[in-house]
Structures are given as structure tokens and as C-alpha cells.
1. The conditions are (1) assigned to a helix (DSSP H, G or I); (2) over 26 Å from LEU345 (Cβ atoms), and PRO271 fails exactly one of them. Which is it?
2. Across the range 386-415, what is the total count of residues that are within 17 Å of ILE246 (Cα to Cα) and part of a loop (DSSP other than H, G, I, E, B)?
3. Looking at (1) within 29 Å of LEU298 (Cβ to Cβ); (2) small (Gly, Ala, Ser); (3) not in a helix (DSSP H, G or I), which is the only condition ALA321 fails?
4. ALA51 versus (1) closer than 22 Å to LEU173 by Cβ; (2) over 27 Å from the mean Cα position of the chain (by Cα); (3) of a type in the set (A, V, I, L, M): which is the lone unmet condition?
5. Which numbered condition trips up PRO30, out of (1) of a type outside the set (A, V, I, L, M); (2) surrounded by 12 or more Cβ atoms within 10 Å (Cβ to Cβ); (3) at pLDDT 90 or above?
6. So is GLU74 out of contact with any strand residue (DSSP E or B) (no Cβ under 7 Å at 6 or more places or on another chain), in a helix (DSSP H, G or I), loosely packed, with under 15 Cβ neighbours inside 10 Å and not assigned by TED's automatic domain parsing to the domain that holds GLN152 or not?
7. Inside the range 45-64, can you point out the residues that are outside any loop (DSSP other than H, G, I, E, B) and surrounded by fewer than 18 Cβ atoms within 10 Å (Cβ to Cβ)?
Amino acid sequence: MDKRFLNIFGLTEEQALDIIATPLEQLEDPTARYVAASHLMNFPTERSIEALIGVVRSSDSDLYNRIARRKAIESLGRLQSSEALPVIRECLADEDCYTVETAVWAIGEIGTQDETILEEIAQLLKRDGQNYRVIIQTLAKFNYKPALARIQPFTEDASEPIASAAISAIARLTGDSTLMSRVVEFLQHESVNARRGCIQDLIDAQYCEAIPQISRCPVSVVFRLRGIRTLAASGIQAGKLEFESIEPDLDRVILDRPYDIDLVHEYDRTPTLEFAVQELYHTDFGRCYLASRTLLDLYAEEAPKALLKTWEQEAHNDYGAHYHVLKLLGWLKYAPAYDLLVESLQNTAPQFQKSRAAAAIALGNLGDDRAIPLLQEALDSKIFMLQYASLLALQQIGDDKCWEQLANDPNVLIRSKAMGAKASAK
């Protein structure tokens, strides 16, 4: 699990424990216990675990206590605290469906061989108002085959994320991937949640055949890259794939050109420049890619000025638009953006990590030799996307020695890409 975003509250363990121990009515901010419970996932100590278990045991029905309780369950799951399993198991009978959902997920993280617990989870499939997707995923994760017949009907559920999870679970439990093509179809669903969710289901079923379609799915690069990396690593390890077979798809995702995305949205009229720029802030990246195409196709001359204006106003602090603006400046080959791109390449703030890769690709598009030592430095990063993007950018600029730094990288995909760069440099 990527832990770069977990420790964002700036609390010490002692401070978080003090907040947890303070009665709700004595806190200035009623959400403070939620924050403290979330922060304690950074501390796998006995006293933090005991404090979180105490929060879970609380019977106070106040809204803020309930949300803190759910967060405490989540933190115990992330800590994989086996000693918390009995108290989390009790939460399976809770009246609050969100508490039940979190408890099921946490049990999946902690792990159990106790089939009575798994049967209790399976019984939740008959309970109205539950998040069946999480329940199905957890049962499949534990390979609980007695739930197979109860999962089967959900393959036809009206909710695409639930149907997708059920189809993936059937494939995992039976080894029959006949229905997985339906999950692949969800990659082009109108709902961004369905698109994101089915990538996880394809990962869970280890359905490597979907790698090309995942690479073109209109969701954030983060979801696509995680899907391809996971499937590629498992496929290569199992001897089902060769790096060369998935390299074009991996390159496509890292380069992330809007023309390489199979869009699911379209405009019913030609959008204005202002509208297209504002669409870069949309939470559905499918709309962002459509806007990017529009800016490149219709507004190439006016776009740089508009992009710099929105950068100054909002995009510099919005991790989605931040990413898209950098990419566009590179595709537009806007040389005056060089310093901005360098600054973004070296920005280590957690929320802007994918923007570092975007900046690397954009610098490659500019083709400015001044970027070579900066990109070489970025190769030493432990961030996969940044390493891969920097390697692509250096190749584009013409550095035929860029592969040397990564020739012995522990990541098989990075190492294989470096060896390919070596071969092409000869």
C-alpha cells in the first residue's frame, strides 16, 4: 500500500491518543476524534491499537462518534490488527450499513481462517441495504466457495459495480473466466465509478487479457497504471506474459495522450475555450481528456495563455487540473513553460506525485537539453511512474545512456524497460 498520503494531519501519536481519550463534548472540533482515529493507523503500537479498539467498543450513537468508530475500524484494518478481530466481528451485526461495510473490509485486510466469520459475512448478502460489492470482494478474497451460489445472482445486478464484483468473484472461485468480457465492457461505462471499480475487479481475477483495454480506459492514470502494473507483474511471474507484449500499453498509460483514450463523453456543441479549460477540473477524468483533445484540436494558439491563467488562479493547487495543464503545455510545445515544468518535476508534495511524471513527459516534448540532468536525477526516484516517465522523456530528448541508471532496478518492469532502451540505443 502507498503510504505517502497517510500521515497528513501533523499529529504525534501522543496527541492523537489524547484526542481519542477526550470526551466528545469537551472537544472544540467534533471531527477531531475521526482525525485522531485516522492518524493512529500510522502507529502500529499496542497503545494505539487498544485506543482504537476502545473507540470501536463505544456505544455512543452521536453522529460524530459513529464516524470516528468507522474510521477506527478502518485504521485497525490497515494495521492488520488480529487482536481487534473479535470486536470488529461484532460490528457485522451493527444497524449502520456503513459500519458493517467497513467491518467487512477490515476483516478482509486482517485475514481469518475462521469459516464461521466468513459465513456471517456471506449471510449479509441476504440483508437489505448493504454494500454487496465489498461483501462479495471479501468472500472471494478468502476463497469462500460456500458463498458461490449466493454470489451468482449478483452477476445480473442493476448496479454495475456490484455485477462487476460478482462476475470477478465467480471467476476467482471457479476458475471460469467466461463472463469476464462483461467486466471489460464496463471500462467504457458512462459512470466513472463503474469504470474505476471494474479495473479492481480485473486485477482481482488476474485477467491479464484486459491490459490493452485498461490502458485506453477514460479514468485517471493512477487507476489504469495500478491495473496494468499489477496484472503485468502477476502475468510475467506466472509465465503468461512477456514484457514486450505489454510494453506498448504501459508506454501508452505513462505518456497519457488524450488521443490514446477511448472516450465515453462527447459535446453536443463546440465548447468555448473557457469551458474546455474549466473541464480540466472535472472529477471524471473522461471529461478532462475530452477537454484536452478539444484544446489541442481547436485552441492550440490560444490555449497556452489560458492554461497559464488558470494555473495562477486555481490549477496550481488542484491536483487534477495541475496534472492536465502540465501535460497540455508539453503537447503544445510551449517553451516558456520550461521553468514551471521543472518546478513541478521537483515538487515532492504527496498530492502532486503524478504531476511529476506529467512534467517529465512534458519536458521530453519540449526537447530542451537543459532538462537532461534533471530527468536523470528523477530516474533515482522510488516512484515507478516518475522513473518510467523520465526514461521515456530522456529517450525522446536523445539521451542514449539513460538506461544505465535503471539496468539493475529491483522492479521488473522498470528493469525491462531500461534494457529495451539499451537495445534501441545501439
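The values are calculated or read from the model by the stated rules, or taken from the named source; none is laboratory data. Note that this is a predicted model, so its numbers are computed, not measured. For neighbour counting, all protein chains shown are included, and Cβ atoms are generated from backbone atoms with ideal geometry for every residue, glycine included.
1. Going through (1) assigned to a helix (DSSP H, G or I); (2) over 26 Å from LEU345 (Cβ atoms) one by one, PRO271 breaks only (1).
2. Residues flagged as within 17 Å of ILE246 (Cα to Cα) and part of a loop (DSSP other than H, G, I, E, B) within the range 386-415 amount to 1.
3. (3)
4. (1)
5. Looking at each condition in turn, PRO30 falls short on (3).
6. Details: out of contact with any strand residue (DSSP E or B) (no Cβ under 7 Å at 6 or more places or on another chain): yes; in a helix (DSSP H, G or I): yes; loosely packed, with under 15 Cβ neighbours inside 10 Å: no; not assigned by TED's automatic domain parsing to the domain that holds GLN152: yes.
No.
7. So the first thing to find is which residues in the range 45-64 are outside any loop (DSSP other than H, G, I, E, B), and the list is 46-57, 63-64.
Of everything in the range 45-64, those that are outside any loop (DSSP other than H, G, I, E, B) and surrounded by fewer than 18 Cβ atoms within 10 Å (Cβ to Cβ) turn out to be GLU46, ARG47, GLU50, GLY54, ARG57, LEU63, TYR64.
Conditions tested, residue by residue: (1) buried (at least 22 other Cβ atoms within 10 Å of the Cβ); (2) among the hydrophobic types (A, V, I, L, M, F, W, C).
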residue	(1), (2)
SER292	yes, no
ALA303	yes, yes
LEU307	yes, yes
LEU326	yes, yes
ALA335	no, yes
LEU345	yes, yes
ARG356	yes, no
